[in-house]
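The values are calculated or read from the model by the stated rules, or taken from the named source; none is laboratory data. Nothing here was measured: the structure is a model prediction, and the numbers come from that model. Cβ: placed from backbone, ideal geometry, glycine included. Neighbour counts: every protein chain shown. Quick note on the areas: whole protein, heavy atoms, side chains included, nothing else; ligands and nucleic acids left out. Shrake-Rupley method; radii C 1.70, N 1.55, O 1.52, S 1.80 Å.
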Amino acid sequence: MGTILGCIADDFTGATDLAALLARSGLPVTLRIGVPATDQDQTEAATFEVIALKTRTSPVADAVGQARQALAWLRHAGAARFFWKYCSTFDSTAEGNIGPVAEMLMSELCVAQTIYCPAFPENGRSIFMGHVLVGQELLSESPMKDHPLTPMRDSSLIRLLAPQVKGKVGLANRHTVLQGPEALKERLRSLAEEAVRHVVVDAVCDEDLRTIAAATADMSLVTGGSAVAGQLPRYYVEQGLVAAPAARRASTKVNGGQVVLSGSCSAMTRSQVAYYLGQCASLRLDLVALAERGVGPAREWLQRQPSDVPKLIYATAEPQDVRQAQERLGLEKASTVVETALANLAREAFGLGIRRFVAAGGETSGAITQALGVTRLEIGPEIAAGVPWIFAKVKGERVALALKSGNFGGETFFEDAFKLLEAA
Ligand code: ADP
């Protein structure tokens, strides 16, 4: 049986989060970094194929172009249903890329309507009356308002999405969702009659997500966060599209040293870094020094560390320091300096025998994974909701990677992560 659901994610941690939630079903999931070369691996397509792009903040045309290639690959792998995955906090720039990619996918797939449901209740992200809430705060009042690349200063998905798309935007609110799948389908139908192509759907708990999955399991295109996608496999099993799975787990044994590389400045990452500082050898990256002197001193620091000592290298900083660095270097340069340095240090670490990597930050994870030349990954156990260990081969060596999106995990995440792997 070929691929049932083909997924495209706009960043690497988002893709691993989605892969982890699909893997909870026990069905085969393959995560691919970037669009594979067309003739590669097509015959070995898994039930769920997830393609990780790194296009969250790319120019719109690039994001749309890459998503189009991903769609073509997934169709070739046999998929007839597709999922467009973005962050539960709807991280995007004013121009996109969530809306433009969705419209391209709709046009390629000839569908008149899709839904937008980034809710992830298990991680405290809910959608109510079309507004995103992070815990009990509106998105625009949460720490996401200070994000270095995609500061979210509005909480209304309708207002965020409307300028990104050409078609009409509407809402199926919680009252409808509470009435169950048939009521939601009816609401989608009546919105379709009003030519509403983009429907934001409220969800505040997993039961809501089950209703949404039941109502949309037949749609060719669903968009949203990983949590709604995580509810789809059971409907595919129920509909007989796929046989019930035999659970299988990847081995968690990986030999070699460990390092945390953090380029995320999100509030949760800041407390994770603060907590872990006392338990490891650490190096803080100073952006201005990095821009002036390059990554050489950091590489030398890494070379000096004994191989069995846990290590942390971080650019993680408070919002005022991020602003200061961005004022000094410019926003783009500030990000590039950090991402290039951490990518370089990941390669250095691999050269020094490090095989267990935790990367904190979506963009950061993308840069590190690309630097290591990882293209295909196996999903392992979840460290925290939506953050699994993933295993890959780098130059023939088995490597474990945990790619953590900024606000995911609890304070002890880094420590928890390494405890979950079998001793080297
Ligand atoms: P998250 O998952 O928390 O959003 P990301 O890695 O996606 O984390 O984004 C954080 C961005 O902030 C990256 O592009 C990174 O290069 C940039 N960055 C990291 N540290 C600093 C800093 N000290 N000053 C300015 N920008 C920074």
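With respect to the stated conditions, Ala384 fails to be out of contact with any Gly (no Cβ under 6 Å at 6 or more places or on another chain) and farther than 13 Å from Phe12 by Cα.
From the list Glu422, Glu363, Glu415, the lone residue that is crowded, with 20+ Cβ neighbours inside 10 Å and not small (Gly, Ala, Ser) is Glu363. With respect to (1) within 16 Å of the ligand (Cβ to nearest atom); (2) among the aliphatic types (A, V, I, L, M); (3) in contact with a helix residue (DSSP H, G or I) (Cβ under 8 Å, 6 or more places away or on another chain), the lone exception for Leu331 is condition (3). Assessment of the stretch 53-76 against the conditions (outside any helix (DSSP H, G or I) and among the β-branched types (Val, Ile, Thr)) yields at least one matching residue.
Counting only helices (runs of 4 or more DSSP H) that sit wholly inside the stretch 216-325, those with at least 3 residues that are without any contact (Cβ under 8 Å) to a residue 24 or more places away in the chain and either surrounded by fewer than 19 Cβ atoms within 10 Å (Cβ to Cβ) or of a type outside the set (D, E, K, R) (or both) are 287-293, 296-304. Exactly one residue out of Ile390, Ile379 is more than 19 Å from Met268 (Cβ to Cβ) and open to solvent by 10 Å² or more (accessible area, probe 1.4 Å), and it is Ile379.
Checked against (1) part of a loop (DSSP other than H, G, I, E, B); (2) touching a residue at least 60 places away in the same chain (Cβ under 8 Å), Thr93 meets all criteria but (2).
Cβ-Cβ distances below 7 Å connect the following pairs, each with a first residue in the stretch 366-381 that is modelled with pLDDT of 90 or more, a second residue that is within 16 Å of the ligand (Cβ to nearest atom) and open to solvent by 50 Å² or more (accessible area, probe 1.4 Å), and a separation of six or more residues or different chains: Gly366/Lys54. Taken over the stretch 254-283, residues that are near the ligand (Cβ under 9 Å from one of its atoms) and either of a type outside the set (A, V, I, L, M, F, W, C) or outside the structural domain of Gly396 (by TED's automatic domain parsing) (or both) amount to 5. Residues being assigned to a helix (DSSP H, G or I) and open to solvent by less than 10 Å² (accessible area, probe 1.4 Å): count how many of those fall in the stretch 189-214. Summing the residues that are assigned to a helix (DSSP H, G or I) and open to solvent by less than 10 Å² (accessible area, probe 1.4 Å) in the stretch 189-214 gives 5. Considering only the stretch 101-142, state which residues are of a type in the set (A, V, I, L, M) and not in a strand (DSSP E or B). Correct list: Val101, Ala102, Met104, Leu105, Met106, Leu109, Val111, Ala112, Ala119, Met129, Leu139. Would you confirm, using the coordinates I've provided, whether Glu348 is surrounded by 21 or more Cβ atoms within 10 Å (Cβ to Cβ) and either in contact with a Leu (Cβ under 7 Å, 6 or more places away or on another chain) or assigned to a helix (DSSP H, G or I) (or both)? Answer is no for this residue.
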